[in-house]
Structures are given as C-alpha cells and as structure tokens.
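Derivation of every value follows stated rules applied to the coordinates shown; laboratory data play no part. Just so we're clear, the structure is a prediction, and the values are computed from it rather than from any experiment. Positions of Cβ are backbone-derived with ideal geometry, glycine not excepted, and every protein chain shown enters the neighbour counts.
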Ligand SMILES: Cc1ncc(COP(=O)(O)O)c(C=O)c1O
C-alpha cells in the first residue's frame, strides 16, 4: 500500500475521533520514526508518552517474540509465569506499601479500577478531582476529567464527582464531606498543560487524606515509569498514595494499564467484582517485564533527569530569542512550552522538517520523547523549532 491508500482507508473506515496528522508512520527505532516514504522524524510525542524505552527496543522485541512463540493468551483465572514475573517486577519498583496489583489494558481502565476501588473500600460515593485534570475518556474516568469538550456530549456522567481548583489545599479541605471516598490527582498535570504543583501541595493532600480517612489516588499514567526523572513522579515529593494508576509506557509500547493499591484497599474488591478478559495477558506482561529491565539497566529515569535538564535549558534559550514564548516548564523529559498563540502551525511546520511534537491545550507545546533520546537529537529539535518560530514570527508580523 502507498501513502494515499493507507490514508484513504483510515479516513473511510475508522471512527473519525482522532485529529489526524498527514503522516503514515511505518517504522521506529529509539527516538526516531520513519514514514512510509522513508522520511525520518525525531519523535518528541513518544506515541503520547508511551515509548519510554524507545521504539522497538531490542529487548522488548525479543521478549515479545519469545512469548508469542510460547503462549499469547491466558485468562487471569489461570496462573501464568510471565504474569507472575511482571507482578514481582512492578511491585519491586513501586512504593513498598502498594503491594496489590490489578492489570488492565489502558490508562482509563487503570483509573476506572481506582474509582471502583475507592467506592468499594469506603462505602462512599464521592470522588474529588482537580479542575483541568485529565484521567481518560471512559465514563468513570471521564467523570473525573475536567475539560467540557470531552464531558458535555456524554452527560449524564457518573454522579458524585466534583472538581476543585488545582494546587489549593483549602479548597480541597472545604470540598470533603462525609460522603467523600477519594481524591484523585495527577502529580503533574499533563494534558492540562504540563503543570507542576507547588511543593507543599501533594504532601498537604496526603496529610488531609490521613486526617479524614479519604483515599489518595495518584494518576501517574503520563508521569510514571521514569518520565519525570524518578520512577514515579510522587517520589519528587516523597508522598505515597493509597492507589497508584500507571499505563502508557509501562509495557514498552504494548497496551497495559496497572492499578496498584495497599493490601487492605485492594482486598475490598471480591472475586468477580472487577475483571477484564485481556488483563494480565502473557504477551503484554512479557513486554512489560523487558521494559522494566531496560528502565533499570539503562538507568532511564536518571537519563530523563539529565537529558530533561539539557532539553529544558535549550528551550529556555529559545525563549530568550523568541518573544512568542511565554514559559518553559517541566520535570525530566515531560516538558511544556507555552506560547502566546495557537501552536498548531508550529507543530505542522516542525513535522514538515522532521520533528514530531505534541500539544497540551491550544497554546502549549508538549515534549514527551523516549527517554533514550540523544543530545544530538535534542539539538536538532531545538534548531528546527528555532527556524520554525522565526518563520512564524515573520508571517505573523510581516515587515
Ligand atoms: C494522566 C492520564 N490519565 C489517564 C489517561 C488515559 O489513558 P488512555 O488514553 O490509555 O486511556 C491519560 C492519557 O493521556 C493521562 O494522561
């Protein structure tokens, strides 16, 4: 198939729910992807934050190949060696007290489990989430998500969710009632614009939850697994939640969502109350085991910290050169660059020049590259952005 044929088929047959970019990606390696015409791109989207260990990491490929030849499918009502290995590995790298694991297939599903868990454990219905939060688009997760454009068409949503202004402990305290089961929060808000909370916020939430008996749920679907320079972002503030949701990057590119919880919390779910056919699938588990090994062996969270500092410094130099940049912020290799106008043109022009970038709202560029990205590749991204911003400035202010 050629480029046109691929695009035509997707246009014609696929639900029209993704804002498509006109690129057919057919191959990836490390931080690079290639389109169907063999044009190379530096992938600062990391497939929306998935490709922490890089595209098609050889160890993940080998593990998946080996598992595919052995056993692809095994429902979790049977035991399986690949699954048990993953359970061991994931609990070894997670906060110690989070020693019970539910395996699903996506970030939204990891959040769904956390919501049901909170209600079942507490016997209470209410969940407090943050304004500008993003937790996914299934009905439960969507009810915790803030953005109107995702919520409005699907009302009525799940009842008893309320949103409070982020980073404001007083408002959280005021919102808690005797019906509150849990507070759900992203340690760093990703879709909401790469927003890092003030230092006291997450420890303050922990304190409030300890005092009131409300569960604290961290959604680390985007921040987890080395992205921000520590294995989980909550480590930056030394705060351990009662429930932790992870997905995106944890299986080296394969679909996996994980909900970790304290023993007494997870044990509130009884046999049959929350299951999914593919959860704990051996192929995905084998990929995830390999991805965790790579994360540790290649010290990728440390690498995210150093490469992230370098990347952010370079972006700040761009900010000094281009008045269109309002702010650069981020931790590790989760970086946002806020502009004074819509970023769509910058994203499209960068793609033309071989650099793929995400947005996070109308005027924020978001960088979630694989943690294996090289300095030379970061330099190429910066040079491209420099050129594109110059061009954009000239177009906006002719003469
Ligand atoms: C913080 C957070 N939670 C949940 C989700 C939903 O994950 P998924 O798209 O895998 O359902 C996302 C996706 O971007 C996310 O960033």
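Miscellaneous remarks
- For the chain, built as a Gaussian network whose Cα springs stay under 10 Å, the top-fluctuating residue of 91, 26, 276: 26
- Estimated FRET transfer efficiency (residue 17, residue 65; beta-carbon r; R0 30 Å; 0.05): 0.40
- Separation of the residue 362 and residue 10 label points, Cα + 7 Å toward Cβ, nm: 2.7 nm
- Sum of -39500 (n - 2.57) over DSSP H runs of 4+, divided by residues of the chain (222 nm, nearest 500): -12000 deg cm²/dmol
- Each residue, residue 271 and residue 212, gets one label point 7 Å from its Cα in the Cβ direction; the gap between the two is 3.7 nm.
- The stretch 1-119, Rg to Rh (Cα coordinates; Rh as Kirkwood inverse mean 1/r): 1.03
- Two-decimal Rg/Rh across the chain, once Rg and the Kirkwood Rh are taken from alpha-carbon atoms: 0.97
- Inter-part distance where the stretch 132-152 and the stretch 188-209 are each reduced to a Cα centre, Å: 18 Å
- Ellipsoid semi-axes for the stretch 59-135, based on the Cα gyration tensor and the rule √(5λ), read 30, 15, 14 Å when sorted largest first.
- If you sort the three axes of the alpha carbon gyration tensor as a ≥ b ≥ c, you get a/c of 1.5 or more for the stretch 320-399 and a/b above b/c, which makes it prolate.
- Across the stretch 155-313, the convex hull enclosing all Cα atoms gives 156 Å³ per residue.
- Bridge type composition, the stretch 90-229 - antiparallel percent by DSSP, nearest 5: 10 percent
- The modelled label-to-label distance for the pair residue 383/residue 316, using points 7 Å beyond Cα in the direction of Cβ, is 2.4 nm.
- If both residues of a DSSP beta bridge must be in the chain, then about 65% of such bridges are antiparallel.
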